[in-house]
Amino acid sequence: MSSFVNHLVSARCKACVLGVLGAVLVGGLLAAAPQEAAGTTTGRGGTQPQVSPGPYPTAYVGDAPGLTGATFTPLDSQTNTAGPTITFSGVSYQGDGDAAAVSPNGATLYEVVSPVTPPCADGLLVPVSTTTGAIGTPIPVGSIEPSGGAPDPAGVAITPDGRMAYVSSSCGSHVTPVNLTTGKAGKPIPAGSVEGGLAITPDGSTAYVPDCLGNQVTPIDLATGKPGTPIKAGSCPQAVAITPSGTTAYVADDGANTVTPITLASRTAGSPIKVCPAGGGPDAIAITPDGSTAYVTCFWSGTVTAINLATNKAAKPLALPSEATDGAQPEDVAISPAGSPAYVVDWDGDVADPLNTATSKIGTPIGVGVSGGGQPMSAAFTPGWTAQATVPSATSATSPAMTEFDGNLYAAFISGGLVRYAVRIGTHWSATASVSGSWGHAESDVKPALVVYAGSLYAFWTGVSTHKIFYSAFDGTTWSSQATVSGSWGTALTDQGPAVATTVTASVGVAATPTMYVAWTGRTSGSVYYSSFSGATWATQQIAVGGHATSYSPAIAPLPSSRDPLAIAWTTSSGAISYGTLGSSGFNTEGTQPQARTNVGPALLFLGGASAGTLYLAWKGETTDKIFYSAVFDLPNSIAPGDWTAQETLPVALTGEAPALAAYGWDVVAAWHGLSSDSVWFSYAEDPY
């Protein structure tokens, strides 16, 4: 998103170089709130991706010191300190660090680099490893900057699946698609007098591009690459940000000192919101992960303004620290996936100002880029876990369970001895209800389990006095009669909560058939048992891990149909977490996660497709109440202990019991029972696969 205001409209010329947006799109759809302790973020237009789970997100601030070479400075969002600056000296030519975006898996930073001279020379999309700082092969993206005066910054946004980037250009009045897998740019898409701050909807279907001279926003269908009918929006739109729910776009209008809301379902503009004083120049906009607040930078007034998105009312502008001394010119703003801090990039002050979104206080400015010669222009966050939030009105005596059903997130928990549940529809949770029917209520005192099978949501629980595993199916309206996991072989008996998963297997020439699995720890033996269900009866129970394998609930997860269909993990008597897979020839123990130590059961989650994906493992620490996690990417045929990533910590989360993992779209959801309360907590991050 550019801070550029066409001189025909506002006569803006920022000395020599104008800034741009680091547009990053939103991946997650869940809201976030402060946890027991304790983004999307957007960059100049666009909403920041929610995902790969890292302990604390890193922000990258782009600097444009002209011919000395573009740079990026990493900022630690936990400590608000700057790391070593990355210099683009390896690029074939040097110029302005115009815009930035981070891939949804957090592995790659993409910067748009444009030459200072000649005007409208071809720009580059430069990939940079966020792990090593190594610069990859630059991708030519065609002309970006216009001739005459200061260059007009370009913008970039990445689709939620991480496969495509879209780079805006004022020179050619177009948006260029870039295949990030092949490193090739596609045919430019016309989009009017383009500004930099384009944004992509959370479902990845549409990009919205600001058109300054046309006083409108152009929607682009990303499936067809065709622009749609422009939407009138204020005067000289500079940047677009989209709410995490995907329902509303907010457009920063430089020429009117306002922000215009657009209802995306009808593509109609609402009443403009005044955010800057006269001549202030709204330049960049970002939205918090919970969708409650937008932050807008006002370039010429040196301020940033918060908008309450429930009321569309703007708060009093906050002056940046350097405004009182030598002036401030905020060029961009990005918000942590955790909800705070936000970083306001001050082009004139050569700093990034940390903004605490909870208190609306601006902290000590952080120096970035080349000392004395840089002009920071863009900011983008790596994905990370969102701030922890609770399921409203849900109190639980045990670990919860979560899963996605019919496009909504369901949470199940034990309250008052009953299995209860709540549903997140859009951005709001329903009131809690019990799993019940004419047969009565589901009663349990250990953690429940949820799984989707054959178009219905299944809840599983262990009976209080019977020790049997019961289940009931929900069609979206009513729960079926409860039944037990049993057959001619007997009935599953346990004192722990069951684990459930649905897999899809296929044979040559035979249609794929879903299979539901349930696993449990034997009540007296401590062995790990399992049984499967294919629509009619439960198969004879089998032993996956014999002997006294564990005292806690096991965890199971489906695997790609190209290999063994099911993964099983359990806590050993020594506190380690072992794992194995169930295939056609039976169960095979594959190893032990090298770092995991716990005194409760683990959690497993698979995210991916039919041939590959990521397996997640989460656990509570053995001597701590923190939650840790690890993953295996691009799942191999056999999982060796060395395949697991180094353990990470789920920020701030504390529990005394086993955590739960679930998938919600491409988000990884972690849920847990509060340590100092009976609340059900959750946090989420976008899957890096």
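Name the residue, out of P594, P688, P641, that is in contact with a Ser or Thr (Cβ under 8 Å, 6 or more places away or on another chain), modelled with pLDDT of 90 or more and of a type outside the set (K, R). Before the answer, list the steps.
On the way: P594 fails: in contact with a Ser or Thr (Cβ under 8 Å, 6 or more places away or on another chain); P688 fails: modelled with pLDDT of 90 or more.
Only one candidate passes the filter, namely P641.
Could you figure out which of (1) modelled with pLDDT under 95; (2) over 16 Å from A157 (Cβ atoms) isn't true of T260?
(1)
For the range 169-198, which positions are buried (at least 24 other Cβ atoms within 10 Å of the Cβ), over 16 Å from D254 (Cβ atoms) and aliphatic (A, V, I, L, M)? Break it down into steps so the answer makes sense when it comes.
Within the range 169-198, the subset buried (at least 24 other Cβ atoms within 10 Å of the Cβ) is 169-170, 175-176, 191, 194-198.
This time we only want the ones that are over 16 Å from D254 (Cβ atoms), so: 169, 175-176, 191.
The answer is V175, A191.
Results for (1) open to solvent by 10 Å² or more (accessible area, probe 1.4 Å); (2) at pLDDT below 85; (3) closer than 19 Å to A379 by Cβ, shown as yes or no for each residue.
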{"site": "T137", "(1), (2), (3)": "yes, no, no"}
{"site": "P140", "(1), (2), (3)": "yes, no, no"}
{"site": "S143", "(1), (2), (3)": "yes, yes, no"}
{"site": "P153", "(1), (2), (3)": "no, yes, yes"}
{"site": "A157", "(1), (2), (3)": "no, no, yes"}
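Can you tell me how many residues in the range 653-670 are of a type in the set (G, A, S), farther than 16 Å from A557 by Cα and outside any loop (DSSP other than H, G, I, E, B)?
Looking only at that region, the number is 1.
State yes or no: is D348 under 16 Å from G302 (Cβ atoms) and charged (D, E, K, R)?
Values: under 16 Å from G302 (Cβ atoms): yes; charged (D, E, K, R): yes.
Here the answer is yes, as D348 does meet what is asked.
When you check A662 against the structure, is it open to solvent by less than 60 Å² (accessible area, probe 1.4 Å), within 21 Å of P448 (Cα to Cα) and out of contact with any Phe, Trp or Tyr (no Cβ under 8 Å at 6 or more places or on another chain), yes or no? Walk me through how you get there before you give the answer.
Working: open to solvent by less than 60 Å² (accessible area, probe 1.4 Å): yes; within 21 Å of P448 (Cα to Cα): yes; out of contact with any Phe, Trp or Tyr (no Cβ under 8 Å at 6 or more places or on another chain): yes.
Judged against the criteria, A662 is a match.
I'd like to verify a number: residues in the range 650-666 that are within 17 Å of the chain's Cα centre (by Cα), modelled with pLDDT under 95 and of a type in the set (G, A, S), how many?
Within the range 650-666, the subset within 17 Å of the chain's Cα centre (by Cα) is 650-651, 661-666.
Of the ones still in play, those that are also modelled with pLDDT under 95 are 650-651, 663-666.
Of the ones still in play, those that are also of a type in the set (G, A, S) are 663, 665.
Residues flagged as within 17 Å of the chain's Cα centre (by Cα), modelled with pLDDT under 95 and of a type in the set (G, A, S) within the range 650-666 amount to 2.
Quick one: which of D495, D475 is among the charged types (D, E, K, R) and closer than 26 Å to A576 by Cβ? I'd like the intermediate steps shown before the answer.
Working: D475 fails: closer than 26 Å to A576 by Cβ.
Selected residue: D495, the only one of D495, D475 that is among the charged types (D, E, K, R) and closer than 26 Å to A576 by Cβ.
Looking only at the range 247-262, count every residue that is under 21 Å from S168 (Cα atoms), among the small types (G, A, S) and part of a loop (DSSP other than H, G, I, E, B) and tell me the total.
Total meeting the criteria: 1.
Hey, A397 hits all of (1) part of a loop (DSSP other than H, G, I, E, B); (2) hydrophobic (A, V, I, L, M, F, W, C); (3) farther than 23 Å from F628 by Cα but one; which does it fall short on?
For A397, the exception is condition (3).
Among the candidates F413, F381, F405, single out the residue that is aromatic (F, W, Y) and closer than 22 Å to V240 by Cα. Walk me through how you get there before you give the answer.
On the way: F413 fails: closer than 22 Å to V240 by Cα; F405 fails: closer than 22 Å to V240 by Cα.
Of the residues listed, the single one that is aromatic (F, W, Y) and closer than 22 Å to V240 by Cα is F381.
I'd like the residue in the range 558-589 that is assigned to a loop (DSSP other than H, G, I, E, B) and modelled with pLDDT of 85 or more and, out of all such residues, is surrounded by the fewest Cβ atoms within 10 Å (Cβ to Cβ).
For the range 558-589, the residue satisfying everything is S574.
I'm told I639 meets every condition in (1) open to solvent by 10 Å² or more (accessible area, probe 1.4 Å); (2) in contact with a Gly (Cβ under 7 Å, 6 or more places away or on another chain) except one. Can you identify the failing condition by its number?
Of the numbered conditions (1) open to solvent by 10 Å² or more (accessible area, probe 1.4 Å); (2) in contact with a Gly (Cβ under 7 Å, 6 or more places away or on another chain), the odd one out for I639 is (1).
Somewhere in the range 306-320, is a residue over 27 Å from the mean Cα position of the chain (by Cα) and closer than 14 Å to I366 by Cβ?
Yes.
Here's a check for you: in the range 621-632, which residue that is open to solvent by less than 10 Å² (accessible area, probe 1.4 Å) and either among the aromatic types (F, W, Y) or in a strand (DSSP E or B) (or both) is nearest to T598 (Cα to Cα)?
So in the range 621-632, the residues open to solvent by less than 10 Å² (accessible area, probe 1.4 Å) come out as 621, 627, 630-632.
Filter again for either among the aromatic types (F, W, Y) or in a strand (DSSP E or B) (or both), leaving 627, 630-632.
Values: I627: 10, S630: 14, A631: 17, V632: 19 Å.
Top of the filtered list is I627.
Taking the range 427-463, which residues are β-branched (V, I, T) and at pLDDT 95 or above? Even if it seems obvious, please write down each step before you answer.
Going through the range 427-463, the residues β-branched (V, I, T) turn out to be 427, 432, 435, 446, 451-452, 462.
Passing the criteria: T432, V435, V446, V451, V452, T462.
The values are calculated or read from the model by the stated rules, or taken from the named source; none is laboratory data. Given the structure is predicted, the values throughout are model-derived calculations rather than measurements. Neighbour counts are summed over all protein chains in view; Cβ atoms, including those assigned to glycine, are modelled from backbone coordinates with ideal geometry. With ligands, DNA and RNA removed, areas are computed over all heavy atoms of the protein, side chains included. Shrake-Rupley method; radii C 1.70, N 1.55, O 1.52, S 1.80 Å.
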